[in-house]
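Notes for the one structure printed next.
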Protein chains: 2
Amino acid sequence: MVRSTNSRRPATLASLAAELGVSRTTVSNAYNRPDQLSPELRKRVLDTARRLGYPGPDPVARSLRTRKAGAVGLLLTENLSYAFRDPAAVGFLEGLALACEDADHGLLLIPANPEHEDVASVHSAGVDGFVVYSVPDDDPHLAAVMERPVPTVICDQPSLPEIDRVGIDDGAAIKDLARHLIELGHRKIGVVCMRLARTRNDGPASPERQSRANFHVQRARLTALSEAFAEVGVDWEQVPVIERFDHTTESGGSAAARLMELDPEITAIICTSDILALGALTEVRRQGRRVPQDITITGFDGIDDAERVELTTVRQPVLEKGRAAGRLLLDASESTGKPREVLLDTQLLTGSTAGSPRSVEERWFGP
Amino acid sequence: MVRSTNSRRPATLASLAAELGVSRTTVSNAYNRPDQLSPELRKRVLDTARRLGYPGPDPVARSLRTRKAGAVGLLLTENLSYAFRDPAAVGFLEGLALACEDADHGLLLIPANPEHEDVASVHSAGVDGFVVYSVPDDDPHLAAVMERPVPTVICDQPSLPEIDRVGIDDGAAIKDLARHLIELGHRKIGVVCMRLARTRNDGPASPERQSRANFHVQRARLTALSEAFAEVGVDWEQVPVIERFDHTTESGGSAAARLMELDPEITAIICTSDILALGALTEVRRQGRRVPQDITITGFDGIDDAERVELTTVRQPVLEKGRAAGRLLLDASESTGKPREVLLDTQLLTGSTAGSPRSVEERWFGP
DNA sequence: TGCGGGAACCGTAACGGTTCAGTAAGTGTG
DNA sequence: CACACTTACTGAACCGTTACGGTTCCCGCA
């Protein structure tokens, strides 16, 4: 493929204009405002461009001048590749991509290694705005985004002053789930949650660590759980909460095992994500316990796999979250002054992994 | 969050320099080459920057000057959001994202609506290179990419002169599968394939349409199938091939139904993707046929769900493909002159959805 | 006292476009 | 025939930065 004909340096708008003996403006207009020049001249410009291997106006130079990049940046908490492993994240991405597509914008995935303090990737992203998805509130990348003078939408993050936000009511959602379990009779429960801070902690999470968690979503869910169970007299201090840094089914499995080891009497394991719950389910069954007869397992998210195994969980509209975030960012009719907030509905999915706990006698002596 | 202190126009490197009474170069150096100025002055620069709300050098302007964007563009054939529905595509994305992450580059998803002829999105992408994934060979977006004077890697596409490429040997891979079926005794088969051209055609695909397909991968697989079965005397003209535009399980199901309607005697349905095969599986069972006793179903890709249902299929290293494409693009040690090519291995996965066809009598009268 | 050499900083010229206020020629109108 | 209006094109300013090749100053050393 021939990319330039006679010069070693690639053709530019200026060289093309020189070749044609017209002004740069005219060449620019040939591409951007066809009505500003005669059809004949325009054709001549375009033909010469082809002959010289001129690929059209340089996007970066254009961006500099027009002050728009035609792209939206996405910052997420995890290694970039992780986003593609978690079905909930993929759903969010899909929704965001849809919104971008509608607005004819690109979607720039920004590498933000959580281990690195290096925020250069945020500084070097040529975008018209950012979507920040579920990043710990003390992440330097988040701070770097906030410094950039472009609109930003946050999702699954605590409110920030003057920043648009989309999310769900995590607390209300998981309270529905908790009340369902309470109605079924569960009082001795265990919890498996995702990472609460940027530092690794695979094991029990003290109430203090829970309430200081940097991941808003996890903190909100745990707090709501404690409140819901407090209503029926459960002392949250006594409820074992196992934290896992990696968000995988393996993590869910090992956490469930740990939980049952810590307190064999628990009748339900509440997981703060479906992925963790699926792992817990597998582990519990591997140990020969039946679900829900011997133990109840619940998740959160409502991913496809969860539905497939009839997990009792909360469905949240992940795709809609992404789409809403994108729309908020790209919608020109903003500038209302006040930051906007979109809260989406969730739905309790009563599957077949939650049931009434059997009494202790039953558990020992069989039904 | 205060974004600029005293001026209405946002601060620039120049205004910062003026405020400080130093040259622009020095301010630039404060950010990019700390060793070029005294620590005290650097601190003064950075402090003043904070005070003025200067967010650091503008990424677009920097890109223009340095001629690098720190991002890789990805062009795919489908609506952007589609990429997130197909597990194989997600795997590819994950691999590519990994490679980008390693090189500290962003990954820009370029909206390329296949319906639109509009290639502006390609022209306005500020990237250092492109990865083109499974785009029909007559897609204008592909042509637009080729005109951009940046390195490009293609994947799951036919070779293009001077362009690096990564892929698998689709023909060899599916021939292995075909021979497996042939050994089992299948001679009357039907095929379900993905779209063969940019124009919608939900129905039978003539041999001519097959050989003229614009999607390289599909064409290669169909051609190889015809060759493999020709070796045992099967007349490909007689083999029904049902094409589906949308790549969904529903498509696979309806295509399988159509196939069985067209020729009730087929003993195997070969699908060119796992997604289609999963749909076919569901449909066939819905009709009360047992797999593999009554009919054999095969797929292609080796996605997780396929493994879960023990589909007989071909596993291809989707993640590795993405990673390889990214590495090829970002690897500085290029300029070898010759275009590079990476061909990855595939593996026949003999699951439980392929078996020996029963004789016609057995089929009519039971075993 | 003269001089080599590094540290610290600076001036200018790109980088490749877009934009806007013109200008000159052509067209229709009363 | 003067006037307004349109069409087709141009010139210069500007977008915000970094690359390149200096200059200045100070210090150590013979």
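The values are calculated or read from the model by the stated rules, or taken from the named source; none is laboratory data. Computed from a predicted structure; not experimentally measured. Don't worry about glycine lacking a Cβ; one is built from the backbone with ideal geometry, like all the others, and counts go over all protein chains shown. Quick note on the areas: whole protein, heavy atoms, side chains included, nothing else; ligands and nucleic acids left out. Shrake-Rupley method; radii C 1.70, N 1.55, O 1.52, S 1.80 Å.
Cα axis of helix B:39-52 to longest principal axis of chain B: angle in degrees, 0 to 90, nearest 10?
On a 0 to 90 degree scale, this one is about 70.
Measure off 7 Å from each Cα along the Cα-to-Cβ vector at residue A:261 and residue B:261, then give the distance between these two points in nanometres to one decimal.
Distance between label points: 5.7 nm.
How do B:285, B:179, B:358 stack up against each other in accessible area, from largest to smallest, with a 1.4 angstrom probe?
Numbers: B:285 120, B:179 95, B:358 50 Å².
The residues order as B:285, B:179, B:358, largest area first.
If one takes the longest principal axis of the Cα atoms in chain A, at what angle in degrees, from 0 to 90 and to the nearest 10, does the Cα axis of helix A:87-102 lie?
It works out to around 30 degrees.
Probe of 1.4 angstrom, ligands and nucleic acids ignored: what's the accessible area per residue over the protein assembly as shown, in square angstrom? Don't jump to the answer; show the numbers that get you there.
Details: 32450 Å² over 734 residues.
Counting only protein heavy atoms, the per-residue value for the protein assembly as shown is 44 Å².
Determine the shape class of region B:283-343: with a ≥ b ≥ c the square roots of the Cα gyration tensor eigenvalues, call it rounded for a/c under 1.5, and otherwise prolate if a/b is greater than b/c, oblate otherwise.
Details: a/c = 5.77, a/b = 3.83, b/c = 1.51.
Prolate, since a/c reaches 1.5 and a/b exceeds b/c.
Would you calculate the convex hull of the Cα atoms in region A:92-220 and tell me its volume per residue in Å³?
135 Å³
In vacuo Debye scattering of the protein assembly as shown, one point per C-alpha: log10 I(q)/I(0) at q = 0.10 Å⁻¹?
Log-scaled intensity ratios, in q order: -1.11.
Across peptide A:53-66, how many C-beta atoms of other chains are within 10 Å of each residue C-beta, on average? List each step's numbers first, then the result.
Details: counts 2, 2, 8, 8, 2, 8, 12, 15, 5, 5, 9, 9, 2, 2.
Rounded to a whole number, the mean comes out at 6.
Cβ under 12 Å from residue A:318's Cβ, residue A:318 left aside: what net charge do those residues give with Lys, Arg +1 and Asp, Glu -1?
Values: positive: A:315, A:321, A:323; negative: A:86, A:94, A:156, A:274, A:301, A:304, A:320.
Spelling it out: positives minus negatives among the neighbours equals -4.
On the full set of protein chains, 1.4 Å probe, figure out the accessible area of residue B:150 and give it in Å² to the nearest 10.
Spelled out: residue B:150, probe radius 1.4 Å, area about 20 Å².
How much of the calculated P(r) for region B:206-298 lies past 22 Å, in percent of all Cα pairs?
Numbers: 1097 of 4278 pairs.
Cα-Cα pairs of region B:206-298 separated by over 22 Å account for 26 percent.
Ignoring everything except DSSP H segments at least 4 long, calculate the 222 nm mean residue ellipticity for chain A; use -39,500 (n - 2.57) per segment, divide by total residues, nearest 500. Walk me through the numbers before you get to the answer.
On the way: 15 runs with 153 residues, N = 367.
Helices in chain A give a 222 nm mean residue ellipticity of -12500 deg cm²/dmol.
Cα axis of helix B:274-286 to longest principal axis of chain B: angle in degrees, 0 to 90, nearest 10?
Roughly 40 degrees, rounded to the nearest 10.
Which value, in nm² and rounded to one decimal, describes the direction-averaged projected area of the C-alpha convex hull of region A:218-367?
Details: hull surface 44.9 nm².
The directionally averaged projection comes out at 11.2 nm².
Counting Lys +1, Arg +1, Asp -1, Glu -1, what net charge surrounds residue A:23 among other residues with beta carbon under 15 Å of its beta carbon? Please report the intermediate quantities before stating the final value.
On the way: positive: A:24, A:33, A:42, A:44; negative: A:19.
Charge balance near residue A:23 sits at +3.
Of A:68/B:338; A:338/B:68; A:68/B:321; A:68/B:68; B:175/B:338, which pairs sit farther than 27 Å apart, going by alpha carbon to alpha carbon? Working shown, then result.
Details: A:68/B:338 37 Å; A:338/B:68 37 Å; A:68/B:321 33 Å; A:68/B:68 17 Å; B:175/B:338 30 Å.
From the list (A:68/B:338; A:338/B:68; A:68/B:321; A:68/B:68; B:175/B:338), the Cα-Cα distance tops 27 Å for A:68/B:338; A:338/B:68; A:68/B:321; B:175/B:338.
Give me the net charge for the shell around residue B:173: Cβ to Cβ below 15 angstrom, other residues only, Lys and Arg +1, Asp and Glu -1.
-3
Please express the Cα-Cα pair-distance distribution P(r) of region A:254-308 as a list of whole percents, one per 10 Å bin, running from 0 to the bin with the greatest distance.
25, 60, 15, 0
Tell me, what is the 1.4 Å probe accessible area of residue B:43, in Å² to the nearest 10?
120 Å²
Counting each pair of different Cα atoms once, what's the Kirkwood radius of region A:13-66 in Å, rounded to one decimal?
Values: mean 1/r = 0.0896 Å⁻¹.
Across region A:13-66, the inverse of the average 1/r is 11.2 Å.
Given the options B:208, B:250, B:310, state which has the largest fluctuation in a GNM of chain B using a 10 Å cut-off (strictly under) for Cα springs.
Per the Cα network of chain B with a 10 Å cutoff, B:208 tops the list.
Which translational diffusion coefficient, to the nearest whole µm²/s, is obtained for region A:168-229 from the Stokes-Einstein equation, given a Kirkwood hydrodynamic radius over C-alpha pairs, 37 °C and 0.692 mPa s? Provide the component values of the computation, followed by the final result.
Details: Rh = 12.2 Å.
The estimated diffusion coefficient comes to 269 µm²/s.
So, with +1 on the Cβ of K and R and -1 on the Cβ of D and E, and no other charges, what is the size of the charge dipole of region A:13-66 about its Cα centre, to the nearest 20 debye? It would help to have the intermediate numbers written out before the result.
Details: 9 positive and 5 negative charges, 13 e Å.
It comes to approximately 60 debye.
Using alpha carbon centroids, what distance separates region A:88-139 and region B:123-139, in Å?
20 Å
Hey, for residue A:40 with labels 7 Å out along Cα-Cβ, what do the inter-copy distances come to in nm, ordered shortest first?
The answer, with the shortest distance listed first, is 7.0 nm.
Between residue A:51 and residue A:113, take the C-beta separation as r, use R0 = 35 Å, and let me know the FRET efficiency to the nearest 0.05.
Values: r = 45 Å, r/R0 = 1.30.
The calculated FRET efficiency here is 0.15.
Taking N as the number of residues in chain B, what value does Rg over Cα atoms divided by 2.2 N^0.38 Å take? Each step should come with its number before you reach the end.
Values: Rg = 26.8 Å, N = 367, 2.2 N^0.38 = 20.7 Å.
So chain B has a normalised radius of gyration of 1.29.
Using a label point 7 Å beyond Cα on the Cα-Cβ vector, give me the inter-copy distances for residue A:120 in nanometres, one decimal, shortest first.
Counterpart label points of residue A:120 in the remaining copies fall at 3.4 nm.
Relative contact order for chain B: what percent, with Cα pairs under 8 Å and sequence separation of 6 or more?
Values: 695 pairs, mean separation 61.9, N = 367.
About 17 percent, as a whole number.
So, taking all protein chains as they sit and a 1.4 Å probe, how much accessible area belongs to residue A:82, in Å² rounded to tens?
Around 50 Å² of this residue is reachable by solvent.
Using a simple spin-label model with points 7 Å from Cα along the Cα→Cβ vector, what separation in nm is obtained for residue A:102 and residue A:211?
4.1 nm
For region B:62-162, treating each Cα as an identical point scatterer without solvent, what Debye log10 I(q)/I(0) comes out at q = 0.12, 0.14 1/Å?
Summing over Cα pairs of region B:62-162 leads to -0.37, -0.51.
Which residue, B:59, B:292, B:136, has the most motion in a Gaussian network model of chain B that connects Cα atoms within less than 10 Å?
Top of the fluctuation ranking is B:59.
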